[in-house]
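Written out below as structure tokens is the structure these notes cover.
The values are calculated or read from the model by the stated rules, or taken from the named source; none is laboratory data. Remember, predicted model here, so these are calculated numbers, not experimental data. When we count neighbours, we look across all protein chains shown, and the Cβ atoms used for this are built from the backbone with ideal geometry, even at glycine. What goes into the accessible areas is simple: the full protein's heavy atoms, side chains included, and nothing from ligands, DNA or RNA. Shrake-Rupley method; radii C 1.70, N 1.55, O 1.52, S 1.80 Å.
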Amino acid sequence: MKRLGRAVVMEIFCFLKQGLTPYEKKKYVWKMLYIYMLGYDVDFGHMEAVSLISAPKYPEKQVGYIVTSSLLNENHDFLRLAINTVRNDIIGRNETFQCLALTMVGNIGGREFAESLAADVQKLLISSSCRPLVRKKAALCLLRLYRKNPDVVNIDGWVDRMAQLLDERDIGVLTSSMSLLVALVSNNHEAYWSCLPKCVKVLERLARNQDIPQEYTYYGIPSPWLQVKAMRALQYFPTIEDPNCRRSLFEVLQRILMGTDVVKNVNKNNAAHAVLFEALALVMHLDAEKEMMSQCVALLGKFIAVREPNIRYLGLENMTRMLMVTDVQDSIKRHQAQIITSLKDPDISIRRRALDLLYGMCDISNAKDIVEELLQYLSTADFAMREELSLKAAILAEKFAPDLSWYVDVILQLIDKAGDFVSDDIWFRVVQFVTNNEDLQPYAAAKAREYLDKPAIHETMVKVSAYLLGEFSHLLARRPGCSPKEIFIIIHEKLPTVSTSTIPILLSTYAKILMHTQPPDPELQNQIWTIFNKYESCIDAEIQQRAVEYFALSRKGAAVMDILAEMPKFPERQSALIKKAEVAEVDSADQSAIKLRAQQQTSNALVVTDQHSANGPPPTVPAVGPLTLVKVPSTSGNAEHTSEGQALTQPNGTLTKIDPQTPSEDLLGDLLGPLAIEGPPGAAVQPQQNAVSEVGGVPSAVDGAAIVPVGEYSNSVQPIGNINERFYALCLKDSGVLYEDPYIQIGIKAEWRAQHGHLVLFLGNKNTSPLDSVQALVLPPAHLKMELSLVPETIPPRAQVQCPLEVLNLRPSRDVAVLDFSYKFGANMVNVKLRLPAVLNKFLQPISVSAEEFFPQWRSLSGPPLKLQEVVRGVRPLPLTEMANLFNSFRLMICPGLDPNPNNLVASTTFYSESTRAMLCLIRIETDPADRTQLRMTVASGDPMLTFELKEFMKEQLVSIPTAPHGPTAPPTPPVAQVAQPTSPVKALTDPGAMLAGLL
Amino acid sequence: MIKAVMVINTQGKPRLAKFYDFLTVDKQQELIRSVFGVLCSRAENVSNFMEADSIFGPDSRLVYKHYATLYFVFVFDTCENELAVLDLIQETLDKCFRNVCELDIVFNYSKLHTILDEIVFGGQVLETSSAEIMKAVEEISKLEASSNSITLVPKTVSGWRNR
């Protein structure tokens, strides 16, 4: 088959080379599309496909449009060739051509199309002379263009038009317009208030079956699709205030809720229930009266028990959504038994829905039942679901445990039944709980001891039991079978079966058992020492180190009791599990109504131990019941830190290594970290280094351009991720995250056009409480004009605000703008200074230059200050292709073939600013194949300042590749010596004439 | 919005694939393969819905319908109503391809594209009335037929000249 495919590809290829009749052309272009679908990358016939668009005959034109829209993406150059033809077809009189053109524009939906065609498409949509066939396409085409570029719809002018469109009689046009409205409203519901009553009217018209043509009535249901869309649109409005409107809407909804029944005919069933489920969603959204709500729950309860799997699925899903509504949880709980049955459904889609629902409906009252059900189900569940299942069971057990011993039971059972699917987080968490709750310790140790008696246990179980027994087995010493020796023997039995990651834990356990054995038992001591001796030469550094240290320590006897004493309590924090469960918010252009709603309603289920920064006053801990951890004063940790932290022999040093100000993100670090020796305190904590020194290691003293130093953190909130890396990444791309910490995320989206930049800052509150005193100040350098629109003072919970920022580049400079951003969360004042990625290379536009253009230019820019040359040393060695890629990413176009020497690169680009306007820049890099760490760089442009700045900019980039890790791996030889004095760039130049000669 | 429409046969060969966001060929094939991988493992008499988060990114759903040797698959996000989409497949395809078989689709590849373009437009549902869809499609075939008969003579002539 594959061979055949290739043969056909070749055949087509040959044919396309020759002149073809339009008919043959059409035939082969269709074949090409088919082959493309089968997975062959057809990169040849694009031109033919595009050229068919301008064919005069319908069949050729049609294939041209259809194939082009499948093969090309919106940025393809060929599309530019077609744009005129497309426009002519759209504004032309031929309706079939209009349809074709609209279809392609709608399917590709590129930016360029949006700009040049949106006005024409709008005209078609509102024109009264067009047939509905064209107008409905125009509506969807406009929607697609709007998605690409929201500016194409001017809100002020469009609102009235949109409202008019909803009065349309033709159902086809109305359906399309409704889709358009949904997209518009999802972005800005306030502007479209006037459309709300119209939507209700449409629904009424449909519900009463007034004026609905027969072809839109489907099994007696008037246009189900339009009903669904209209109800969807209504869900984007927060409420309906007008009482009349609300009443008539509820009448319609009531009619839908009452009038739908499960029938035999599958098609009718689907259509009717599609409408019904949408009505349910709308009822939930509108916070209807309690009566109606319980009616909905009753309906859903009926659905989750029917035979039709699709309806069961949707019933469960909607019940999960229903959980968001207050006051109905109790009526949902009545269906618990049925939901648990659904866990055993043959369809995995339904099982997942049931699991979600159980997870969502769990609270203190039914946690025991549900978690036990989940545990039981775990042993029979299929593998695809086990991980999710165990995680959810663990979270529920933690959140709603009636008592802690039950929690320990659940987790141990979980590890026992599905050890492979229990992530480390889960057992770390149980260890934390036990450590922090003294009452629990003997119980947990006894339980762990019981599990060790089982013949075959999972490695995770070995880890957790060894850890617990090492810490707390002395509490059991009086019980039968729990003497230190017996415990040691039973743990040691497992040693041959475990992997290297578990051995260190076992060694710690041995050391602790030994220490707890008072008076010392010489026999046990010898046994354990033998083991330590054996592992002293282990190939694994971690094991070896522990063995050596424990051996040395245990020989010291009682003097080291303190070091091997029990772990102190862990600082209280939000569960990593719960954090894991909180889904990362994805900002999609098209927010779904449900998601918006979920954001408005602060998650009532999640975040229980709502622990924020450890040094701030703990926020009022919600009534979580027994699970709230005992709060440890953070100073106690600090004291030990300093006293013990000095000694190198602190292998079992306590948990105090964790900086009390920075609750570490991962539990692993907390739990295992302290057992090993850590670096000097503080070395690891401050990731934020002085930004200046990181920019290519060019010391600021020598570097003429003032790079604004980025302030250190004056506060305790730690950013997530490396700010510098984020900045560098954003220098290369146009959207991404600029800054993130536990409370806020600042995203950035930028568009650059010549000397203008349009940035949007997305400030997203990640919390369930608002952020106050938000302030954003832009400190622009002298060469940039920046205007930041007003930033609201408060960001509501889980909301995202967008702040547009306009940038105008006045002249070339490498200075960087800084965003001074601050906010208050609880009692924490957070202030960060972030560099904004409005850097020199953003104002570049790659341009390819042919040899005929290049050489005259190069010659005419004969020497300083327009053309500067410098030898750069200490360059990070890079293969030439990678260097070319780097240049490309900075929007410098590599012009291959201009320089005969393969070791050289020639690049060209255009720089835009107010003072220079569009200015061509030429760059030549000569590398030395023998020594990749040095190169000679020549930069030429028509503006002395630009030449200098661009040269310095490139030097910074070459000396330190921003994507590479910084710090210790920085280039070995800082290029201090070579940096030219900014005041006299001329010095660094050699004879440009000779260079030019070499080039020619 | 609807992200993709696919028709895959029970062997896993795509018979029609249309993606409403541009994807590279490799990515398209990978998606088709993973969709098929999920579909073929599903039993009869289960729901027609699947979560496709792992294949198409967060919040994507997949609705499919199994006809004879073909799977009709729609992939869409949470902004659409699942049952309504399922209904869309059933209603229109039932009428347009009554007793459809795989060969029909292979040989009427261009027709299928035309029909699909009348149903789904740039990821949005354009028309739900099968009568309207059939009307539009018939209009197009008429146009095609009429222009073909006209071009028949000059085409051969121009073919002659080229030789």
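Given a Förster radius of 45 Å and the C-beta distance between A:R753 and A:K27 as r, what FRET efficiency does 1/(1 + (r/R0)^6) yield to the nearest 0.05? Intermediate values should be presented prior to the final figure.
Working: r = 42 Å, r/R0 = 0.94.
Efficiency, from the Cβ-Cβ distance: 0.60.
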Subject >> Low-density loop positions, GluC sites (Glu not before Pro), region A:88-172 - DSSP coil, at most 11 other Cβ in 10 Å >> reply: none
Subject >> Charge dipole of region A:64-139 about the Cα centre (unit charges at C-beta), most positive-ward option of A:P132, A:V105, A:N84 >> reply: A:P132
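Does region A:229-278 come out rounded, prolate or oblate, given a ≥ b ≥ c as the square roots of the eigenvalues of its C-alpha gyration tensor, rounded meaning a/c under 1.5 and, failing that, prolate meaning a/b above b/c? Don't skip to the end; give the middle numbers.
On the way: a/c = 4.50, a/b = 2.02, b/c = 2.22.
Oblate.
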Original post:
Can you give me the pair-distance distribution of region A:27-117, C-alpha pairs, 10 Å bins, whole percents?
Top reply: 18, 54, 25, 3
Subject >> Whole-number D in µm² s⁻¹ for region A:424-575, Kirkwood Cα-pair radius fed into Stokes-Einstein, 25 °C, 0.890 mPa s >> reply: 156
Subject >> Straight-distance crosslink candidates among lysines, where the alpha carbon sits under 24 Å from A:K955 and sequence neighbours closer than 8 are dropped >> reply: A:K733, A:K842, A:K867, A:K987
Subject >> Pair A:N903, A:D772: separation of 7 Å Cα→Cβ label points (nm) >> reply: 6.6
**OP:** Report the paramagnetic label zone for A:A298: residues of region A:248-278 whose backbone N is under 12 Å from a point 7 Å from Cα along the Cα-to-Cβ axis.
**Re:** A:258
Subject >> Within region A:499-560, chymotrypsin sites (Phe, Trp or Tyr not before Pro) in DSSP loop having at most 16 other beta-carbon neighbours inside 10 Å >> reply: none
Subject >> Point-to-point label distance, B:D26-A:M47, nm (Cα→Cβ direction, 7 Å offset) >> reply: 2.6
Subject >> Pairs beyond 26 Å (Cα-Cα), from A:K485/A:K556; A:K136/A:K229; B:K27/B:K142 >> reply: B:K27/B:K142
Original post:
With each label point set 7 Å from Cα along the Cα-Cβ vector, what nm distance links B:M134 and A:E204?
Top reply: 3.5
Original post:
Chains B and A: buried accessible surface, both sides, probe 1.4 Å, rounded to 100 Å²?
Top reply: 6100
Subject >> aspartates and glutamates whose Cα lies under 14 Å from that of A:K454, excluding same-chain neighbours fewer than 8 positions away >> reply: A:D416, A:E493
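Which percent of the accessible area of region A:193-290 is formed by carbon and sulfur heavy atoms (probe 1.4 angstrom)? Walk me through the numbers before you get to the answer.
Numbers: 2050 of 3930 Å².
In region A:193-290, the share of accessible area belonging to carbon and sulfur is 52 percent.
Quick one: if the Förster radius is 25 Å, what FRET efficiency do A:E486 and A:D439 give, using the C-beta to C-beta distance and rounding to 0.05? Kindly include the intermediate steps, with their values, before the conclusion.
Numbers: r = 24 Å, r/R0 = 0.98.
Rounded to the nearest 0.05, the efficiency is 0.55.
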Subject >> List of region B:41-57 residues, accessible area with partners at least 10 Å² below that of the chain alone (1.4 Å probe) >> reply: B:R42, B:N45, B:V46, B:S47, B:N48, B:F49, B:M50, B:E51
Subject >> Loop sites in region B:32-90: GluC sites (Glu not before Pro), DSSP, at most 10 other Cβ within 10 Å >> reply: B:E44
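Taking each residue of A:92-101 in turn, how many C-beta atoms of other protein chains fall within 10 Å of its C-beta, and what is the average? Numbers along the way, then the final one.
Numbers: counts 0, 0, 0, 1, 4, 0, 0, 6, 2, 0.
Shielding by partners across A:92-101 averages 1.
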Original post:
Too long at a 31 Å Cα-Cα cut-off: which of A:K61/A:K201; A:K27/B:K135; A:K25/A:K749?
Top reply: A:K61/A:K201; A:K25/A:K749
Subject >> Set of lysines with alpha-carbon distance to A:K833 below 16 Å, sequence-local pairs under 8 removed >> reply: A:K824
Original post:
Working out 0.36 nm times the residue gap between A:R811 and A:D931, then minus their Cα-Cα distance, what length gain in nm do you get to one decimal?
Top reply: 39.6 nm
Subject >> Cα gyration tensor category, rounded, prolate or oblate, for region A:136-243 with a/c compared to 1.5 >> reply: oblate
